[in-house]
Amino acid sequence: MSALVAGEKTQGTPQGPLGRGFGLLFAGAVTSRFGDANRIVALALLAATLSRDPRMVSLIAVMTFLPWLLFGLIAGALVDRMDRRRAFLASDLGRAAIATLLCAAVLSGRAGLWMLAAAAFALGTLQTISDSCFTAMLPQVVPRARLPRANARLSAAQSAIGRLAGSPAGSALFAVRSALPFAVDAASFAVAAGCVAATRVERLPRSPQPRSLRGLLTDVGEGMRHLWRATRIRTLVITVAAMNAASGALQAVLPLFALYVLRVPIGRYGWLSATTAAAMIAGNLLAGRMQRSLDGLAVASAAVTVQVLGFAAIAAAHSELLLFVGLGVNGFTAGLWNVPSTSVLMAETAPAFMGRVSSAYSTIALGAAPLGALVGGGAAAAFGFRAVFGGGAVIVAVAAAGLILLNRPSLLRAARGDAATGSSGSPR
């Protein structure tokens, strides 16, 4: 497909309306994120009540993120060959069915750690399809000049309604009855599927490649090459992979650390994620403002640098308050990172390659999380929880230094005001 996808979709002004299509995608994404937050908190709490072995509990985090490492690239190639709306519907209806079965297993008392791990893996596998579809559909319904605003609004709402409301709701529902958060998750997928079904998405020409494994591998290679040749995207994905490895290690052992070391009550555990989400909203909003006068890469560099303080605070936490502060800093910097990095990705990728490039980005970025979780569980068992959090601070510090050094010329131009403002106008 040419650069002028669906006519005016690549045109428009930054301040114009986002449109009905964005409204429907927005509603589906936010509803689904609310259900996800319920399930993620409930899985962590249920795993922590079944075992206190960090290696076993970390298995849930590993299986949640592992599908991106195994299938993310293939998912993106498939999405660029399929009707994206139909693929999204199939994946989310499948996730609704799995969440329903998990709810029934928890109700009957038959849900053990291995069943939780299998469900997390299955849901994560289907998420590689649905997330790739969503990322690829968004530029088809929102004019390119308005993508930074759409991404900022979407990211803030997902944090607010999803994690800010969903995580406390998940822990509160779990305290009432452990199966309730999984029922909410199943319903959220059904609602998201309905929203996307009502969205009008213009079809792209089908790939000329044959529907074969060799053709898929060719598409995967194209996505990786496009990502690697775009210097700014390549630098960002390497940095976020390091951040996610540290975060994966943190999330893998956080339930045990919070519940049994700092004695956080089960009903209040969800507020840890809510604190992260509230801070993420602030980061989203600040990122939108900063991009009006700063290059997206400069905003991202500031985010990863400050995140070191979050990991350091968690490592030093001997009270619930300091744990909340550390998670809040991490959430703020994640929000500050997400908007410019996503906008750079969308602005510097041709729409016909969006599925492949976005899935390559997600595979590298999210694929680091299960590796971090696996190492985190083992490190916590051998050296203790604080060693995991301190190691995360070191990893993020190295990533921040690398991002700044590798992009020093671009950052200097941005500081002088010579670089284009906003990531949507960034040079390739």
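The values are calculated or read from the model by the stated rules, or taken from the named source; none is laboratory data. Being a predicted model, the structure only gives us computed values, none of them experimental. Because the Cβ atoms are built from the backbone with ideal geometry, glycine has one as well, and the counts that use them run over all protein chains shown. Please note that ligands, DNA and RNA were not included when accessible areas were found on the heavy atoms of the full protein model with its side chains. Shrake-Rupley method; radii C 1.70, N 1.55, O 1.52, S 1.80 Å.
Going by what's in this entry, would Ala118 be described as free of Cβ contacts under 8 Å to residues at least 60 places away in the same chain, part of a helix (DSSP H, G or I) and closer than 17 Å to Ile60 by Cβ?
Against the criterion (free of Cβ contacts under 8 Å to residues at least 60 places away in the same chain, part of a helix (DSSP H, G or I) and closer than 17 Å to Ile60 by Cβ), Ala118 qualifies.
So is Ala119 in contact with a helix residue (DSSP H, G or I) (Cβ under 9 Å, 6 or more places away or on another chain), closer than 25 Å to Pro67 by Cβ and of a type in the set (A, V, I, L, M) or not? Reasoning before the result, please.
Values: in contact with a helix residue (DSSP H, G or I) (Cβ under 9 Å, 6 or more places away or on another chain): yes; closer than 25 Å to Pro67 by Cβ: yes; of a type in the set (A, V, I, L, M): yes.
For Ala119, the condition - in contact with a helix residue (DSSP H, G or I) (Cβ under 9 Å, 6 or more places away or on another chain), closer than 25 Å to Pro67 by Cβ and of a type in the set (A, V, I, L, M) - is met.
List pairs: first residue in region 235-249 and in contact (Cβ under 8 Å) with a residue 24 or more places away in the chain, second residue open to solvent by less than 20 Å² (accessible area, probe 1.4 Å) and outside any helix (DSSP H, G or I) anywhere in the structure, Cβ distance under 8 angstrom, at least six positions apart or on different chains.
Correct list of pairs: Thr235/Asn407.
Select from region 379-428 the residues that are open to solvent by less than 30 Å² (accessible area, probe 1.4 Å), over 21 Å from Ala369 (Cβ atoms) and under 25 Å from the mean Cα position of the chain (by Cα) and write down the one among them that is modelled with the highest pLDDT.
Ranking the qualifying residues of region 379-428, first place goes to Asn407.
Can we say Pro265 is open to solvent by 10 Å² or more (accessible area, probe 1.4 Å), over 16 Å from the mean Cα position of the chain (by Cα) and not aromatic (Phe, Trp, Tyr)? First the steps, then the outcome.
On the way: open to solvent by 10 Å² or more (accessible area, probe 1.4 Å): yes; over 16 Å from the mean Cα position of the chain (by Cα): yes; not aromatic (Phe, Trp, Tyr): yes.
For Pro265, the condition - open to solvent by 10 Å² or more (accessible area, probe 1.4 Å), over 16 Å from the mean Cα position of the chain (by Cα) and not aromatic (Phe, Trp, Tyr) - is met.
Hey, could you check region 77-118 for residues that are within 22 Å of Ser362 (Cβ to Cβ) and of a type in the set (Lys, Arg) and say which is surrounded by the fewest Cβ atoms within 10 Å (Cβ to Cβ)?
Among those residues, the one meeting the criterion is Arg86.
From the list Ala317, Ala246, pick out the single residue that is open to solvent by less than 10 Å² (accessible area, probe 1.4 Å), at pLDDT 85 or above, on the phi < 0 side of the Ramachandran plot and touching a Leu at 6+ places or on another chain (Cβ under 7 Å).
Working: Ala246 fails: touching a Leu at 6+ places or on another chain (Cβ under 7 Å).
One residue alone meets the criteria, Ala317.
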